[in-house]
Structures are given as structure tokens and as C-alpha cells.
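J.: Just dropping this structure here.
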Amino acid sequence: MSSVSVIVPIYNAGNKLKKCIKSILDQTFTDFELILVNDGSRDNSLDICLKFGQKDKRIIIIDKHNEGSIPTRNKGVSVSKSEYIMFVDADDWIESTTIELLYNETLHCESDITVCNIYKVVGNGMLIKRKNNNKYFIGDRIYNKEEIRNELVAAFIHAHPFPTSLYAKLYKKELLLKSGKYLKDISFMGDDLFYNIEVFLKANKVKVIDKYLYYYRAGGNTSKYMPFLFADTVKAYEIQKEVIGEYYQDSLKKRYDVISVGALNTFKTVLSNIFSSNLKEDKMKELIMSYVCNDYFNEWISTDYAKEYFPVEYLNAIQSKDAEYLFRLGQGMYKKNIPKKYLLSIISKIS
């Protein structure tokens, strides 16, 4: 039995997967198993896995039909034979000392979760490498249970810059096995966040180390149309509201106001994302109208925070169900982001 299981969920990662797998196999720490879970990829991802698997007995390959990130990750957890688990995204990579440092810190501090810092990179990291500078990584720190709730989970809920991702963290496996209740109605958006909220609330001790050990490849698939995005926005709000009601009775209104702002902000992303679809203009407006008829908008736009944070025209358009205004708002945001998306696409192809 290995000390650590490294789980890599894979969907159409292509040749980027080679750098990911190689970075894991070249670790200074060797007592791990590498679980590669192919989620029905249509490219050469499975072939890459099989070739690496022939050369290293630590590799376990799972090939299944496409189900999405949540079942794919859970499949890896279910077959893991280790006490500790870490996740690596298939197009990212890690420093050669990542597992060793996270594992040693975990044992030394007896932490349930150990978190390291990340580089955000474009391409293979040679073109752009940006440090993730924020207050949570100013030196190493141990958080006890009360501090986890008041600082780290609160950061998750209110979009503060503590990383919500599953990667760049080493987890005690038993916490992962006992968590996941918030994920049952989530399609994609926020699955890392809502898994982590539950896992962190169950943890007694979290260690954060100020070392850059993980390379996150920026870009992703954010330009694709996501028809489930609004439903996920609503579900995310419901989950946040449930967590606040259970764990933050001393500050309910303030926290409800903050997550309302978050929902309204995400709705702007929903409006922009519609223009990545093949829908015609009239169908887009019908879709927008169906969204603003949701009863939660009455909660979201009535808060003091919303009135401070958003232009009155935006809030009035939602209140009056002005699909024409919201259509033009989404269209403008979409067009504004085209140059950035194009540049990232070009850089990714070059690398």
C-alpha cells in the first residue's frame, strides 16, 4: 500500500498530459500510486496513459465513458489504497518536490489538509508565469478548527483569494470519503469549491505552506457555451445559504448579502456565455427572460450590497425583466473578451 495516491482526471488533455504525468513520476518522493482516470476522451489521452503505464508499475489506469469531472474524480478516490490523496489536473504539472514537501508537512503537523501555493502559467510556463500573491500565503501557518471555519471556509463562501481548487492540496482520504453532499445537483461550476467547503468544515487542522509547488495552466474551456451555468449559479447560492445558516448564525444577514452580490456577478457571466452558443437572438432573449423570472432575483437585488456594487441600470433591468438591456449587456461583455480569448488560444497552440 502506498502512502499517497495522486489522482489525475482526464478528458481530451492531448499531449499536455505527457508533461503532467512525467512531472508526477519524476518526484523525489516515490511511495505513491498514480491513478489516471480517463473520462471517455476522444483524443490520444488514453494512448498516452497506456504508454506510461507500460513503463511504471505505480500507474493505475481507469478507462470509462464520459461522465464529467465529479464522477471521474470520485472514481479515482474509490480505488485509492492510500491514506492521503492529492489531485493534479491533466494539463497542469508539479515541482519535483511537491509530494515530498506536502506529505512531510502533513505528518509533522498532523494536519488533515496541507495546501501549497501555485504559479498561474500560459503555455508551458516559459511565456508567462505569475505568482499567486495573497495574504493567505505570507509565511507558513496552521489553522485550527475554529480558524478554518472563520477564515478559510468563510473565504470560500465570499470569494476571497484562498484557492478553492482541489489541486495543490494533500487531503486525508477519509475526509474526502465522508464529503460530497453538496455536489449532487452541481453540473460543473463550483464542484471544487463545494467539495472543499464540506471537506474543510470536517477538518480539525489545516497547514498552509508558502511554497510554489504547482503549475496551473490558465486558459481552460471558459469560452464554451455552458447551458447549465445559470442552474449551477442558483444551486451555488442555495448551498452557500445552507452553509451560512448552519455555521454562521452570528452574521447571517451580512453573509447573505455578500453571496447575493456573488450570484448577481455570476449572472453577468451567464449573460456573456450565452453568446458562445449557436442560439439565435430571439432564443437568447427568451432564455434571458426565463432566467430573470427566477424568484431568487428578488433576494439578490434587494440587498444594500447589491445597490452599492452594481449600476442601477443593471438592477432595474433585472427587476423590470428587461431582456433587451440584459441581451446588450451580455453581448458587450462577450465582444470585449474576444481579443483576450484569441490571444490565449494562439499562445496555447504555439506552446
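Read-outs throughout are calculated quantities, based only on the coordinates presented, and are distinct from any laboratory measurement. Here the structure is a predicted model, which means the values were calculated and not measured. FYI the Cβ positions are ideal-geometry reconstructions off the backbone, even for glycines, and counts take in every protein chain you see.
J.: Name all residues of region 1-28 having a backbone nitrogen under 15 Å from the label point set 7 Å from the Cα of Lys224 along its Cα→Cβ direction, giving them as ranges.
T.: 9-14
J.: I've got another one for you. For the residues Lys131, Lys202, what sequence is obtained by ranking on other C-beta atoms within 10 Å, fewest first?
T.: Starting with the residue having the fewest Cβ neighbours, the order is Lys131, Lys202.
J.: At a Förster radius of 45 Å, what calculated FRET efficiency corresponds to the Cβ-Cβ distance of Ile338 and Glu110, to the nearest 0.05?
T.: Efficiency, from the Cβ-Cβ distance: 0.35.
J.: Non-local amide H neighbours of Ile35 (under 5 Å, H modeled in plane, Pro and chain starts lacking H): which ones?
T.: Distant-sequence amide H within range of Ile35: Val6, Ile7, Val8, Ile60.
J.: Mind listing the Cα extents of region 229-350 along all three principal axes, in Å, largest one first?
T.: Dimensions of region 229-350 along the principal axes of its Cα atoms: 51, 37, 24 Å.
J.: Near Ser187, within a Cβ-to-Cβ distance under 12 Å, what is the net charge of the other residues, with Lys and Arg +1 and Asp and Glu -1?
T.: The answer is -2.
J.: Would you mind putting 103-114, 301-312 in packing order, based on average other-beta-carbon counts within 10 Å, highest first?
T.: Most protected by this proxy first, the peptides run 103-114, 301-312.
J.: Remind me, what semi-axes does region 4-217 give for its equivalent ellipsoid, largest first in whole Å, using sqrt of 5 times each Cα gyration tensor eigenvalue?
T.: 26, 19, 17
J.: Looking at this model, which pairs from Lys172/Lys211; Lys16/Lys224; Lys22/Lys145; Lys184/Lys336 are more than 27 angstrom apart at the alpha-carbon?
T.: Lys22/Lys145; Lys184/Lys336
J.: Applying a 10 Å radius around every beta-carbon, put 74-87, 133-146 in order of their mean neighbour count, most first.
T.: Working: 74-87: 18.8, 133-146: 13.3.
Highest-to-lowest ranking by the protection proxy: 74-87, 133-146.
J.: Relative contact order (percent) for region 4-217, with alpha-carbon contacts under 8 angstrom and 6 or more residues of separation?
T.: For region 4-217, the relative contact order is 27 percent.
J.: Check the straight Cα-Cα distances from Lys181 and name the lysines below 17 Å, setting aside those fewer than 8 residues away within the same chain.
T.: Lys75, Lys173, Lys202, Lys235, Lys241
J.: Taking 0.36 nm per residue of separation and subtracting the Cα-Cα distance, what length does fully extending Asp63 through Lys120 add? Mind dumping the intermediate values first?
T.: Working: separation 57, 0.36 × 57 = 20.52 nm, distance 2.91 nm.
That pair, Asp63 and Lys120, stretches by 17.6 nm at full extension.
J.: Kindly work out what percent of the DSSP beta bridges joining two residues of region 4-217 are antiparallel, to the nearest 5.
T.: The answer is about 40 percent antiparallel.
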